[in-house]
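Every number here is computed from the coordinates shown, using simple stated rules; none is lab data. Just so we're clear, the structure is a prediction, and the values are computed from it rather than from any experiment. Please note: Cβ atoms are built from the backbone with ideal geometry, for glycine as well, and neighbour counts cover all protein chains shown.
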């Protein structure tokens, strides 16, 4: 007897960039054709998450999306500008850390963590961070 599979991982660059309705449609298909599936994962960019509302993130989590793998391509600002990623190193690789939480449920916990990180960062780094997240 084979091992029970309970997780689907979407592939193809960063599927979490898809709009909320399309991600919900995909979740519906996963659960329809694989009724034992418990969770759905995918690659994502940090900006894919920030473009979704708290309500959308909560509904996506309820549909099974969890454990997103958020990619950090590089810590080189020049390369990030060339690739037009929409953020600079201060928002990505230079501040990489592992953080677990569910939005919006853990929003306060996550914001407190970010606030603690920001309190320990120098003014130059904060300035770069502000420039990197101007689009949020």
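General remarks:
- Estimated FRET transfer efficiency when R0 is 22 angstrom, pair residue 20-residue 66 (beta carbons, to 0.05): 0.90
- Between residue 7 and residue 106, the FRET efficiency estimated from the beta carbon spacing at R0 = 22 angstrom works out to 0.60.
- Taking a ≥ b ≥ c as the square roots of the eigenvalues of the Cα gyration tensor, segment 1-41 is oblate, since a/c reaches 1.5 or more and a/b is not larger than b/c.
- Footprinting exposure proxy ranking of 70, 26, fewest other C-beta atoms within 10 angstrom first, gives 70, 26.
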